[in-house]
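Novice: Before I ask anything, here is the structure I am working with.
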Amino acid sequence: MTLSDGTLSILVVVALILILLLIAIVVLLSARLQRLHRAHDAALRPGESVLEAVARQQRDLGALRQDVVVVHDNTEHLRELLRGTLSRVGVVRYDAFADMGGALSFSAALLDEHLDGVVISAINGRTETRTYAKPIRAGDSEYNLSPEELAALEAAATGKPPGAPSKPGKRRR
């Protein structure tokens, strides 16, 4: 059986196309294999088997879990310490006397997260200034609090600033 020249040339072209296609596939597979070799080399230390690498990864993961527990415990300890620091502040300025302007008197509440702390008030007059400090426990005091001190305490507890300073001669309620 003899093949005609046309059939033979078609077979040669088809064979060449198949060869080129196979070469492209071989190049792609070779590139993929090189990537796998790089990943393999990165995962394994020289002379280390896959089982040894898995055991090492398990040890490292266990140590990492222990470190996370330590960090969690330290974070909780720091949170508890922060709860006891002064983190809430409220200030109310006012005119304590009718003949004084500029809202120079003030009450300031300094509290922690548990609403423990102190309220400090400074009453400014023409010739003298008086300063008072009253302890606060759980948002309340065993001493009577003025309306300005209560407003400062509320501002510190809620985080909302009090209203505008009172007009001269009027005390804030």
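Novice: Along the charge dipole of the stretch 56-104, pointing to its positive end and built from +1/-1 on Cβ of Lys, Arg, Asp and Glu, which listed residue (Asn74, Tyr94, Leu61) has its Cα farthest out?
Specialist: Toward the positive end, the furthest listed residue is Leu61.
Novice: Still on this structure: Please work out how much accessible surface Ser87 shows to a 1.4 Å probe, ignoring ligands, DNA and RNA, in Å² rounded to 10.
Specialist: Counting only protein heavy atoms, the figure is 70 Å².
Novice: Starting from 0.36 nm per residue, how many nanometres of slack lie between Arg126 and Ala138 once their C-alpha separation is accounted for?
Specialist: Result for the pair: 0.8 nm of gain on full extension.
Novice: Please give, to one decimal in nm, the separation of the simple spin-label points placed at Asp41 and Arg59, each 7 Å out from Cα toward the Cβ.
Specialist: So the two model labels end up 2.5 nm from each other.
Novice: Where is the GNM fluctuation largest for the chain (alpha-carbon springs, 10 angstrom cutoff): Ala109, Ala151, Ala24?
Specialist: Between Ala109, Ala151, Ala24, it is Ala24 that shows the largest mean-square fluctuation.
Novice: Per the 1.4 Å probe, what fraction of the accessible area of the chain, in percent, lies on carbon and sulfur atoms?
Specialist: Heavy-atom surface of the chain belonging to carbon and sulfur, 1.4 Å probe: 63 percent.
Novice: Same structure, new question: Treating only the Cβ atoms of Lys and Arg (+1) and Asp and Glu (-1) as charged, compute the dipole magnitude of the chain about its Cα centre; round to the nearest 20 debye.
Specialist: Its charge dipole is roughly 540 debye.
Novice: Grab the other residues whose beta carbon is less than 15 angstrom from that of Leu115, score K and R as +1, D and E as -1, and report the net.
Specialist: Around Leu115, the surrounding residues sum to -2.
Novice: A further question on this structure: Using DSSP H assignments, which helices in the chain have an axial alpha-carbon span of 24 Å or above and a mean Kyte-Doolittle hydropathy of 0.5 or higher?
Specialist: Span-like helices in the chain: 5-43.
Novice: Rounded to the nearest whole Å², what accessible area per residue is found for the stretch 1-103 with the 1.4 Å probe?
Specialist: Averaged over the residues of the stretch 1-103, the accessible area is 83 Å².
Novice: Go through (1) 28, 23, 16; (2) 85, 27, 11; (3) 51, 16, 12 and flag the label whose value is the computed semi-axes √(5λ) of the Cα gyration tensor in Å for this structure.
Specialist: (2)
Novice: Now for a separate question. Please state the relative contact order of the chain as a whole percent: Cα pairs under 8 Å, 6+ residues apart? Don't skip to the end; give the middle numbers.
Specialist: Values: 230 pairs, mean separation 32.8, N = 173.
Here the relative contact order equals 19 percent.
The values are calculated or read from the model by the stated rules, or taken from the named source; none is laboratory data. Computed from a predicted structure; not experimentally measured. Here the Cβ is made from the backbone with ideal geometry for all residues, glycine too, and neighbour counts use every protein chain on show. Accessible surface is based on the protein model in full, side chains and every heavy atom, while ligands, DNA and RNA are left aside. Shrake-Rupley method; radii C 1.70, N 1.55, O 1.52, S 1.80 Å.
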